[in-house]
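What follows is a short report on a single structure.
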Protein chains: 2
Amino acid sequence: MEQPLGIADLRGAAVIEALRAALGNAVLTGADMAPWSRDWTGQYQWTPLCVVRPRDTGAVSTVMRLAHAEGVPVVPVSGHTGLSGGTLGEGAVMLSLDRLDRIEEIRPEARVARVGAGVILSDLHAAAAVYDLCFPMTFGAKGSARLGGLLATNAGGSNVLRYGNTRDLVLGLEAVLADGRVVDLMSELHKNNTGYDLRHLLIGSEGTLAVITRAVLKLTPAPRAHATAMVATETLDGALMLLNRLQQMTGGAVEAFEYMPRAYMEAHARLDPAARPPFDTGYDVNILVELSATAPRDADTGPDGAVPLTGYLEAVLAQLYGEGLVLDATVARSDAQRAAFWARREAAAEISLSHRPAVVNDVAVPLDRVARFLDMAGARVRAIAAEARDMTVAHLGDGNLHYVVWLEDSAQRDPVMEAVEDVVLTLGGSFSAEHGIGTSKLASMARRKDPVALDMMRAIKQALDPKGILNPGKTVPPA
Amino acid sequence: MEQPLGIADLRGAAVIEALRAALGNAVLTGADMAPWSRDWTGQYQWTPLCVVRPRDTGAVSTVMRLAHAEGVPVVPVSGHTGLSGGTLGEGAVMLSLDRLDRIEEIRPEARVARVGAGVILSDLHAAAAVYDLCFPMTFGAKGSARLGGLLATNAGGSNVLRYGNTRDLVLGLEAVLADGRVVDLMSELHKNNTGYDLRHLLIGSEGTLAVITRAVLKLTPAPRAHATAMVATETLDGALMLLNRLQQMTGGAVEAFEYMPRAYMEAHARLDPAARPPFDTGYDVNILVELSATAPRDADTGPDGAVPLTGYLEAVLAQLYGEGLVLDATVARSDAQRAAFWARREAAAEISLSHRPAVVNDVAVPLDRVARFLDMAGARVRAIAAEARDMTVAHLGDGNLHYVVWLEDSAQRDPVMEAVEDVVLTLGGSFSAEHGIGTSKLASMARRKDPVALDMMRAIKQALDPKGILNPGKTVPPA
């Protein structure tokens, strides 16, 4: 016998009908919703009410207005490459921003790009490159991740050390509020003190306060030279010495400083057996280091045919090799070799999730405590789950570790997560560095975030989205 | 005959009594309140209910709790060097942060300082210098301005071009809410995505959402060399060409790029007749340019006894002189000469207010529209007040102009301000770049800020300070 329709179903049907009337075939239901019914990790699955794919800000506003009138939840989604379950949408209108994919303007003399929230990160990279400029944010999922998601989560990545997080690259925003009103903060200015900084409030709010639809982004001059190497050091302390010496010598030209332990190198060799390993033998501490420069004094090929930047890197490596701190090093001699180094690093998400169940801890600790963190966390995890294996990959230059624990029993998931948090907070770190809170870190937020800060967040959420329809159940735990 | 005491007076007396019971002689009344009864510009004067000078966060919390219980307004103040009337406190408790003046810790290896809100900016400069580090924010009032004020207003200054605004130099905060609760956001991490960014919300909120009591600040390596010059160019476009060439050659080592027109140079000569002018003759466009470097390749004295950085500067100046774009230049040959160049620039506030009435417009426009702004604004102002004179000084490197208009009749103040705003917005600029809104720009906020943004600000204010006791009547205009 068929289940009778409840009030929620009737309201849902009315919302779909109203959305269809306004947006036509931009509204998807049934099997067409499949790509919006799971996230990239495959860990979360849900059944949306419907999916809408508006083509402009006005249509996004219409969606919000209709949903607001009916009190129906709306979950914004752009590239859905998130790792924290930030786009779960059981019974919700999935508001896909993928069609807001226009790079509206690049003004090279002002070094700004005006983009829609649906623009794919690597498309922006390519568009900026035409003008010898770059948008320096980058990470493994760059070919699928869209700017709306980067903005909503304040995404990090491999170049934060030099250029900051996503929020540091944003000059202006446009967003649609829960009730459909559009807020215009599309400034291009570097100095603009006009009341509360709503831009920074919306960036990183994970779609719970507003739907970001457009942005003005800072571009920087494209590096004219890179010097890239894989380096093996005896210890993590030796690696930090390498970082500091390079920063001193170049005045801060280190763009990436990525740590991959032995287990990671081995996992990558299994994933891609054809990839040529950087060293003839295996080491415990492997670093991908990259310097970059725009200025002629560093980047122009000298009379000896070499780029000065590479010379700096080789000089510091030789110095530390002499001191016994560097064990081995391979400097990239071609773009292909540089790309191969990066491909290994950018396989991180795939490697991390190659075993299930896996707990993906995205933590940050002060730089000089990374080694202690790994020791302490390892011991705590093994005490809970003797057979657990850990898989680390880290943006060592900013103390951000993806400390993944492979378990045999998912019941150990929460205790492991809590133990890792304990260690992180003991060391003055953060339980959530760059992936965001979403669903998976909600319990951590409730346990670990300053309670007054949580109250402030709840008050702000209530003030800007009183019906609680925007991405409900994410980011801010209930009181 | 004596005025009978009203209810407000009785409540006021009760609040003073309660504050005295809790804080003793940290509570000032009567003539002792004089320094807290006017601002630096002398344009605003008021009579506070009392002044409190707490010594720690706990005492600040006590003040807020008592004031909140009684619904009495509280106006936080630190160095009161503001230019926008942000600390008017008629009938309010003036909450002075000047005794929270402890530099709690400088951790050179982590490049952070933990400071109280009452620390004077130049004291932090001096403390960081001991470790060969610097806190790069700087401006004329650095000897009196305190960090609480810098944070509350997101202060700008002369080095924003290279290091960003105050908010870009802050890792963590502690603040006291309207009801006395303390929120702990004292993170030292560069990556920390744990919910809404309350830090950025409080920075720049001008004491209307919370009282900032402590902060974790980023330090940077102290420059090992400077190259500083006064340069006269034919036009502002020529000056921008100088900026761009220097940035290209050095990979972004320009730390300051300050514009002073002929009228400013003449006003300074009147103010300080003993100061030696940089050029033998007067020019229309005068630029103070400063490069700085930490890396040995730029900063170490070479075999010829010269610092490479100075060589870069001289090479670009020679090039542009050859092209007719630079008319004259004096490169500083000593620390004393460098200091003299800076003293001229840092007399800006004094020069601007040497004539009253004066309208201080603190605006920003895209770099390439600065010249157009000056032409258009001048014409508009003269149409309103034929005898008005303007006095400009600008952080040209980030498009921020202090466009001061000297009037003969204060009735022209508002029409002039509105005309300048018109021009600014036509050119895609902001009516408030770095001084903040306070009282003096409140009408501009009401006229010019996106109305939905204003509604969001009002909702946030209501959510975090429902009784409206924190710095009432500032920053966010009433609906």
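Under a Cβ-Cβ cut-off of 11 Å, what is the net charge of the residues other than A:ALA463 that fall near it, where Lys and Arg count +1 and Asp and Glu count -1? Working shown, then result.
Details: positive: A:ARG458, A:LYS461, B:ARG458, B:LYS461; negative: A:ASP465, B:ASP455.
Counting the neighbours of A:ALA463, the net charge comes to +2.
Given Cα pairs under 8 Å that are at least 6 residues apart, what percent is the relative contact order of the stretch A:88-193?
About 17 percent, as a whole number.
Fully extending the segment from B:ASN244 to B:LYS467 would add 75.3 nm, taking 0.36 nm per residue of separation and subtracting the current Cα-Cα distance.
For the stretch B:41-120, the list of GluC sites (Glu not before Pro) that fall in a loop by DSSP and count at most 11 other C-beta atoms within 10 angstrom reads B:GLU109.
Note on B:ARG372 and A:ASP414: the model spin-label points, each 7 Å out from Cα along the C-beta direction, lie 6.1 nm apart. The equivalent ellipsoid of the stretch B:61-100 has semi-axes of 20, 13, 6 Å, largest first, where each one is the square root of 5 times an eigenvalue of the Cα gyration tensor.
Compared with the dominant Cα axis of chain A, that is its longest principal axis, helix A:335-346 is turned about 60°. Largest first, the extents of the alpha carbon coordinates of chain B on the three principal axes equal 75, 58, 45 Å.
Pairs with C-alpha atoms separated by more than 20 Å, drawn from the list A:LYS441/A:LYS461; B:LYS191/B:LYS449; B:LYS191/B:LYS218; A:LYS449/B:LYS218, are B:LYS191/B:LYS449; A:LYS449/B:LYS218. Each Lys or Arg adds one and each Asp or Glu subtracts one; over the other residues with Cβ under 9 Å from the Cβ of B:ALA113, this totals +2.
Here the Kirkwood formula, the inverse mean of 1/r across different C-alpha pairs, assigns the stretch A:1-139 a hydrodynamic radius of 16.6 Å.
Between the helical axis of A:57-70 and the longest alpha-carbon principal axis of chain A there is an angle of about 50 degrees.
With Rg and the Kirkwood Rh both taken from Cα atoms, where does Rg over Rh land for the stretch B:21-89? Don't skip to the end; give the middle numbers.
Details: Rg = 12.4 Å, Rh = 12.9 Å.
Radius of gyration over Kirkwood radius for the stretch B:21-89 works out to 0.96.
The GluC sites (Glu not before Pro) of the stretch B:312-368 that DSSP puts in a loop, and whose beta carbon has at most 13 other beta carbons within 10 Å, are B:GLU323.
When B and A come together, around 5700 square angstrom of accessible surface is lost from both chains combined, probe 1.4 Å.
For the stretch B:225-346, calculate the relative contact order in percent as a whole number, restricting contacts to Cα pairs under 8 Å that are 6 or more residues apart.
Reported relative contact order: 44 percent.
The simple spin-label model puts a point 7 Å past each Cα toward its Cβ; for B:ALA22 and A:GLU234 those points are separated by 5.7 nm.
Which whole number gives the average count of other chain Cβ atoms within 10 Å of the Cβ atoms across peptide A:458-467? Let's see the in-between values first.
Details: counts 2, 7, 9, 3, 2, 8, 5, 0, 1, 0.
Counting other chains' Cβ atoms within 10 Å and averaging over A:458-467 gives 4.
Helices in chain A, meaning DSSP H runs of at least 4 residues, each add -39500 (n - 2.57). Divided by all residues, the mean residue ellipticity at 222 nm is -10500 deg cm²/dmol. Compute the helix-to-body angle for A:451-464: its Cα long axis versus the longest principal axis of chain A, expressed 0 to 90° and rounded to tens. That helix lies at roughly 50 degrees to the long axis.
The Rg/Rh ratio of the stretch A:425-479, with both radii computed over alpha carbons and Rh defined as the Kirkwood radius, is 0.99.
I'd like the projected area of the stretch A:225-346, averaged over all directions, using the convex hull of its alpha carbons. Report it in nm² with one decimal. All intermediate terms of the calculation are to be shown ahead of the outcome.
Details: hull surface 29.5 nm².
Seen from a random direction, the Cα hull of the stretch A:225-346 projects 7.4 nm² on average.
For the stretch B:7-96, carbon and sulfur atoms together expose 53% of the accessible surface, with a 1.4 angstrom probe and every protein chain in place. Compute the separation of the alpha-carbon centres of the stretch A:454-475 and the stretch B:116-190 and state it in Å as a whole number. Comparing the Cα centres of the stretch A:454-475 and the stretch B:116-190, I get a distance of 30 Å.
Convex hull volume per residue, computed on the Cα atoms of the stretch B:292-427, equals 140 Å³. Around B:ASP132, under 14 Å between beta carbons, what's the net of Lys plus Arg minus Asp minus Glu among the other residues? Surrounding charge for B:ASP132 is +2.
Applying Stokes-Einstein at 20 °C and 1.002 mPa s to the Kirkwood radius of the stretch B:379-479, computed over alpha-carbon pairs, gives a translational diffusion coefficient of 141 µm² s⁻¹. When you work out D = kT/(6 pi eta Rh) for the protein assembly as shown at 10 °C and 1.306 mPa s, using the Kirkwood radius from C-alpha pairs as Rh and the Stokes-Einstein form, the result is 54 µm²/s. Over all projection directions, the Cα-based convex hull of the stretch A:352-434 averages an area of 4.6 nm². Here the contact order of chain A, divided by its residue count and restricted to Cα pairs under 8 Å and six or more residues apart, works out to 15 percent. Average accessible surface for chain B: 38 Å² per residue, computed with a 1.4 Å probe over protein heavy atoms with every protein chain in place.
The values are calculated or read from the model by the stated rules, or taken from the named source; none is laboratory data. These numbers come from a predicted model, not from an experiment. Heads up, the Cβs are rebuilt from the backbone with ideal geometry, glycines too, and the neighbour counts pull from every protein chain shown. For the accessible areas, the whole protein counts, side chains as well, though only heavy atoms, and no ligand, DNA or RNA atoms are used. Shrake-Rupley method; radii C 1.70, N 1.55, O 1.52, S 1.80 Å.
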